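Below: the structure, in structure tokens.
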Amino acid sequence: MQVRQTDPKEGTSLVLIKPDAMQRRLAGQIISRLEAQGLRIVAAKMLQMDKALAQHHYAIHESKPFFHDLVAFITSSPIIALVFQGKNAVEVIRQTMGETDPAKAKPGTIRADLALDIQHNLVHGSDSIETALQEIQLFFSKDEIFDCGRDAEKRIC
Ligand code: IDP
Ligand code: MG
């Protein structure tokens with residue numbers, strides 16, 4: 001059987017469909033917009049983040065004034081965590097999401113088109129290749145990720 005090789009420029013990134021997106025029935029639309037960029041889902045699960053996971057995931061913001069509210073928001077109801085794979089995945093996802101503050105995000109981005117405010121901005125995407133690897137490990141074990149290179153025979157590529 002022919003095995004397709006993963007493009008060396010292909011990367012992976014963590015995406016979280018945040019509580020506001022779930023409550024507003026926007027999960028499908030957000031996932032569609034990311035798939036439309038040519039990215040593929042290689043891992044997915046629904047979960048409710050607990051305080052410890054939220055504090056770890058957002059540790060970089062620990063000293064920010066919005067940290068407490070952010071942890072309360074992200075743990076407030078279930079989310080969907082996904083790993084997307086594809087060419088320049090981190091950058092493509094960041095561009096598709098738009099800036100953190102929807103008021104500043106470019107038209108056509110998820111946040112500009114659909115988000116309500118800087119906290120309720122619907123979606124998380126890792127901000128660098130290094131961060132992506134750390135964040136993916138926080139949410140998924142290795143055997144939950146259907147990596148394209150490793151699992152080409154499973155025909156998700
Ligand atoms: P990002 O999600 O675009 O990477 P970050 O600066 O990493 O943005 O902030 C993480 C999350 O914290 C944001 O997505 C948003 O939900 C929340 N957040 C960021 N800045 C503020 C703020 O000034 N007020 C309230 N919430 C904020
Ligand atoms: Mg960030």
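Read the figures in this text as sums done on the coordinates, not as results from a lab. In this text, all values refer to a predicted model and were calculated from it rather than measured experimentally. Don't worry about glycine lacking a Cβ; one is built from the backbone with ideal geometry, like all the others, and counts go over all protein chains shown.
Under a point-charge model restricted to the Cβ atoms of Lys and Arg (+1) and Asp and Glu (-1), what is the dipole moment magnitude of the range 63-139 relative to its Cα centre, in debye to the nearest 20? Write out the running numbers ahead of the final one.
Details: 6 positive and 9 negative charges, 27 e Å.
The dipole magnitude comes to about 120 debye.
The dipole here belongs to the range 27-157: it is taken about the Cα centre, uses +1 on the Cβ of Lys and Arg and -1 on the Cβ of Asp and Glu, and is about 300 debye.
Largest first and in whole Å, the equivalent-ellipsoid semi-axes of the range 97-139 read 23, 10, 7, each the square root of five times a Cα gyration tensor eigenvalue. According to the calculation over all Cα-Cα pairs in the range 4-157, the P(r) per 10 Å bin from zero is 11, 41, 37, 10, 1 %. Built from the Cα atoms of the range 16-103, the convex hull projects on average onto 6.2 nm², one quarter of its surface area.
Ignoring everything except DSSP H segments at least 4 long, calculate the 222 nm mean residue ellipticity for the chain; use -39,500 (n - 2.57) per segment, divide by total residues, nearest 500. Intermediate results must be reported in sequence, preceding the final value.
Values: 7 runs with 54 residues, N = 157.
Helices in the chain give a 222 nm mean residue ellipticity of -9000 deg cm²/dmol.
Karplus-derived 3J(HN,Hα) values for the range 88-99, using 6.51 cos²θ - 1.76 cosθ + 1.60 with θ = phi - 60°, are 6, 3, 4, 5, 4, 5, 4, 5, 6, 6, x, 4 Hz; glycine and proline are entered as x. For LYS18, list the lysines whose Cα falls under 18 Å from its own Cα; do not include residues on the same chain fewer than 8 positions away. Qualifying lysines at Cα under 18 Å: LYS45, LYS51. Residues considered: ARG25, ARG94, ARG111. Largest GNM mean-square fluctuation over the chain, using C-alpha springs under 10 Å, is found at ARG25.
Springs between alpha-carbon pairs under 10 angstrom, Gaussian network model over the chain: which of SER76, SER141, SER128 fluctuates most? So, out of SER76, SER141, SER128, the one fluctuating most is SER141.
Amide H to amide H, with H built 1.01 Å from N, ILE79 comes under 5 Å of LEU47, GLN48, MET49, counting only residues 5 or more places away or on other chains. Between GLY11 and GLY86, LYS87, ASN88, ALA89, the built amide H atoms are under 5 Å apart, and every one of these is 5 or more places off in sequence or on another chain. Bridgeable lysines around LYS9 (alpha carbons under 17 Å apart, same-chain partners fewer than 8 residues away excluded): LYS87.
Taking PRO102, PRO65, PRO78 in turn, the Gaussian network model of the chain (Cα-Cα springs below 10 Å) assigns the largest fluctuation to PRO65.
Near the amide H of ALA43, within less than 5 Å, lie the amide hydrogens of VAL83, PHE146, all on another chain or at least 5 residues away, with H placed in the peptide plane.
Expressed in units of 2.2 N^0.38 Å, where N is the residue count, the Cα radius of gyration of the range 65-156 is 1.23.
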